[in-house]
Structure formats: C-alpha cells, structure tokens
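Colleague: If you scroll down you'll find the structure; I have some questions about it.
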Amino acid sequence: MKSDFLKYQAQTTPHPLATEISHAKGSYIYDIHNKPHLDFVAGVSACPLGHNHPKVVDAIKKQLDSYMHVMVYGEYIQKPAVELTKLLAKHLPKSLEKTYLTNSGTEAIEGALKLAKRATGRSEIIAANKAYHGNTMGAMSVMGFEERKQAFRPLLPDIKFINFNSFDDIKQITNKTACVILETIQGGAGFIEPIPGYLERVQQQCKKVGALLILDEIQPGIGRTGKLFGFQNYNCVPDILVTGKGLGGGMPIGAFTASSELMDLLQDQPKLGHITTFGGHPVIAASALATLKEITESQIIPNTLEKELLFRKLLVHPLIKEIRGKGLMLAIILTSSEITNALILKCQDRGLILFWLLFESKAVRITPPLTITNDEISKGCKIILEVLDELHA
Ligand SMILES: Cc1ncc(COP(=O)(O)O)c(C=O)c1O
C-alpha cells in the first residue's frame, strides 16, 4: 500500500509520515499492525471529540439513511444545516446571527473576504505577518509568509501586512481598508496569543474607519481554548467569524458567520454572490450538529483548562524552552528544530502522535481531542519526556 500511496496519491511533502491506518477510536488511531497511536494532534485540531464518537457516528448514520446531497447550497430546507446554524447563533452574540456553511476552512475565508469587499465597496485587506488562513488563492494572498506563496504570484492585489500584537501598526487600518483579517490565536506562527487589549484596539480602529474585522477561529474555535470561541477570551466580537476544522467533528466543513444585515448582501448585486454545490451538506451538518451539541452540553470546554494545567505541570524539561498557547491548543517550543524533528519522529515510533507547526520550526503541536483523559495525557507526556532525556544525553 505504501508504494501505491507514494505513486498515485499526490503528496504535500517528500517525506510523509505514512502510517497506514486501520481504524480509530477515542484518543487512539490504530495502524494496520493493530499498534495503538495515542493522538496528541486530533487530525490537526479537527477531531474535538476524538475519533468515531458514538453520538457523531450515530447522527451521520441516521442522516445517511434519510438523504445525502439533494440540491446546491441554500435552496432547499435541510434540517441538519438549519439546526446547526441556529445552534451556532444561540451560542454567539446577537450580531453574529447568520452562518454560511462551506466545505472547508479556506473556502469560508474566501467567503468572508468577499463579504467584506461587497459590504464596504473597498478593496484593501489587512492581514498579519505569519498568518495562515488556508491555501486557495484568496486565503493564500492573506498568508503572512512570503516564502510559501512566492511561486504562486500574482495573488490578490491590495493586501497589506501588519505585525500581530503591534499597537503601532494598527494605524495602518484606514478608511481605504475593507477588512482586517486575523487569527484570534496565531496558529502556524507558533500559537501566539493576542496581548491584552490588542484585539480590542484593532476592533476600535476598524469601527472608526468603517472597516470590518474578520477573526479566523478555524483552529482555536469549538472549545479548544476553554471557551466555545477563542474571541470570548478577549473582549472583542468580530464582524465576521470564520470557523471550520473541529466544527465538523471529523468531517470536512467551514463556516462564516455575520449579522443578517451583512450576510444578506450576498444575495444581491450581484445575485448569487457566493455559491457552492456541497456547502451545508446534510451528512456533514448532522455530524457538526451532534459535535456542537455534545461540546456545549457537557463539561468538555471548562475541562480543557484543567487539562492545559496538567500538560504544563508535566512537560518540564531542559530542552523545553517554553509552552505557548491556551487550553488544548498548546505548542512546546524546543531548543532547536533538530530536536523538534527528532522528538516528533521518535514519538511516532513509540506510539505517540505529535506534529509540526507551519512556520515555527522549533514548535511541536499539542492539540489532542478535547475528550482526552488525564491518564492519556500523563502517558503521552511520559513518552515525550523519555525521548527528550535520550536526546539530551
Ligand atoms: C487558522 C486557519 N485558517 C484556515 C485554515 C484552512 O482550513 P482548511 O484546511 O479546512 O481549508 C486552517 C487550517 O489549518 C487554519 O488553521
């Protein structure tokens, strides 16, 4: 299977991890030799309830028995999508009432950027250095990492970059700006939190000049930071909220949410301002609805902060310089990128899944299922510390 994988399936790196999967359950993924791999990555923050959560699987199966794709987005009334968007509204401030469901995070970013241009009649977009918002042309245009996008230029015109957390740079947001797009917590950059007052100041400036604030919560959203949405930690409500990943409970999804007043602009001038065939797919929406219900009706969210404390207590080692992030969106910063690589690969051999971050080569991602138990955290951290001891010797 490995040679077919390399020969026929397009790859994103010359050296994929290439573990061949048999099945997955809870916090474990099993390979074809039935070896369990404890999952500290959760499909890159996309499986908040772990693998094959019974309530999610049940919702998917029930929906499969009723109907799958029946019509393009938004024409027919399909209960799972309606209930999902309604439940999102219930958990969001009043100004974030209407949600457009997409097939992926990057597509939701495209929709959000288009909505901001349509609403303001302006073209300038301000994004942050080291930001990651996805890989389609528009989303890549607002990625703050030139090395990874140079080959694909020309991209969108009229994009300016500011430094995340620089109060000084906020003055670059002017009455030419359609929108500012930021990750609530910068992911690829190394899990950088906004410093106190930063997002509020950006929002004030946006309001002053008539620009919209888009917060990308594709990674921090859906309970990972101890609140359902990351922005709820920082006293700042965006004009457009973008979610994805964990919302789908292991199925592909993206979503952007705004006021009805803003969102309704996509129906007119031009009509069909944003369209998709499969967005809001009933099976995906059923999975997302079951996931969101479980997360909001249980103790999962408050427990993430206790689990963060356990990680921080256990992961103390001379090779660990710092642990960044919030809740179960944590990054271990090691002393060198060589140590980072060795740690990830050696842990893989010992049955613990870790992974890199996009732009910070010394970081190891720790974004386990939110349902991970304290015993599983202790077990995985023990493996990390043993490997670090070996690397330190
Ligand atoms: C912050 C952020 N925005 C956007 C995306 C793109 O989402 P997707 O891969 O579903 O297109 C990601 C994915 O890693 C992300 O972490």
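The values are calculated or read from the model by the stated rules, or taken from the named source; none is laboratory data. Just so it is clear, the structure is predicted and the values come from calculations on it, not from any experiment. As a convention, Cβ positions derive from the backbone with ideal geometry for all residues, glycine included, and neighbour counts pool all protein chains shown. Surface areas here come from the heavy atoms of the whole protein model, side chains and all, with no ligands, DNA or RNA. Shrake-Rupley method; radii C 1.70, N 1.55, O 1.52, S 1.80 Å.
Colleague: Find how many whole Å separate the alpha carbon centroid of segment 214-293 from the alpha carbon centroid of segment 343-366.
Modeller: A separation of 28 Å, based on Cα centres.
Colleague: What FRET efficiency comes out for LYS160 versus GLN11 if R0 is 30 angstrom and r is the Cβ-Cβ distance? Round to the nearest 0.05.
Modeller: Once the sixth-power term is evaluated, E becomes 0.35.
Colleague: Relative to the first principal axis of the alpha-carbon coordinates of the chain, what is the inclination of helix 282-297, with its axis defined by its Cα atoms, in degrees from 0 to 90 and to the nearest 10?
Modeller: With rounding to tens, the tilt is 70 degrees.
Colleague: Based on the mean of other beta carbon atoms within 10 Å per residue, what is the order of 1-14, 67-80, 227-240, 333-346, most packed first?
Modeller: Put in order of decreasing packing, that is 227-240, 333-346, 67-80, 1-14.
Colleague: Give me the percent of DSSP beta bridges within the chain that run antiparallel, rounded to the nearest 5.
Modeller: 65
Colleague: Per q in 0.19, 0.21 1/Å, what log10 I(q)/I(0) does a Debye calculation on the alpha-carbon atoms of segment 1-138 return?
Modeller: Each listed q corresponds, in turn, to -1.35, -1.37.
Colleague: Which FRET efficiency value, to the nearest 0.05, do you get for LEU87 and ASP65 by plugging their Cβ-Cβ distance into 1/(1 + (r/R0)^6) with R0 = 25 Å?
Modeller: Computed FRET efficiency for LEU87 and ASP65 comes out at 0.70.
Colleague: In addition: So, in nm, how far is label ASN235 from label SER361 when the simple model puts each one 7 Å beyond its Cα toward the Cβ?
Modeller: 3.9
Colleague: Considering only protein heavy atoms, what per residue accessible area in square angstrom results for segment 4-132 with a 1.4 angstrom probe?
Modeller: With all protein chains present, segment 4-132 gives 54 Å² per residue.
Colleague: Can I ask one more? Can you find, among GLN348, GLN299, SER336, the residue farthest towards the positive end of the dipole of segment 287-370? Put +1 on the C-beta of Lys and Arg, -1 on that of Asp and Glu.
Modeller: The residue sitting most towards the positive pole is SER336.
Colleague: Let me ask another. Determine the share of the chain's accessible area contributed by carbon and sulfur atoms, expressed in whole percent, with a 1.4 angstrom probe.
Modeller: With neighbouring chains kept in place, the figure for the chain is 55 percent.
Colleague: Now for a different question. What do you get for Rg/Rh of segment 335-389 when both radii come from the Cα atoms and Rh is the Kirkwood radius?
Modeller: Radius of gyration relative to Kirkwood radius: 0.96.
Colleague: Follow-up question, since we're still on this one. In bins 10 Å wide, starting from 0, what share of all Cα pairs of the chain does each bin hold, as a percent?
Modeller: Histogramming the chain at 10 Å steps yields 5, 23, 32, 27, 12, 2, 0 percent.
Colleague: Tell me, what is the per residue accessible area of segment 313-390 in Å², probe radius 1.4 Å?
Modeller: I get 39 Å² per residue for segment 313-390.
Colleague: Three principal axis extents, largest first, for the C-alpha atoms of segment 101-191, in Å?
Modeller: Computed over the Cα atoms, the extents are 32, 31, 26 Å.
Colleague: Moving to a separate point now. What does the charge dipole of the chain about its Cα centre add up to, to the nearest 20 debye, if the Cβ of each Lys and Arg holds +1 and the Cβ of each Asp and Glu holds -1?
Modeller: Computed about the Cα centre, the dipole is about 380 debye.
Colleague: Shifting gears a bit: Using only Cα atoms and rounding to the nearest 10 degrees, what angle (0 to 90) does helix 300-314 make with the longest principal axis of the chain?
Modeller: 40
Colleague: Distances over 18 Å make up what percent of all Cα-Cα pairs in segment 287-367?
Modeller: Roughly 50 percent, once rounded to a whole number.
Colleague: What do you get for the angle between helix 374-392 and the principal long axis of the chain? Use alpha-carbon atoms, 0 to 90 degrees, nearest ten.
Modeller: Once rounded, one gets 70 degrees.
Colleague: Let me ask something else. Determine, at each q value in 0.19, 0.20 (inverse angstroms), the log₁₀ of I(q)/I(0) that the Debye formula gives when each Cα of segment 245-393 is one equal point scatterer.
Modeller: -1.12, -1.19
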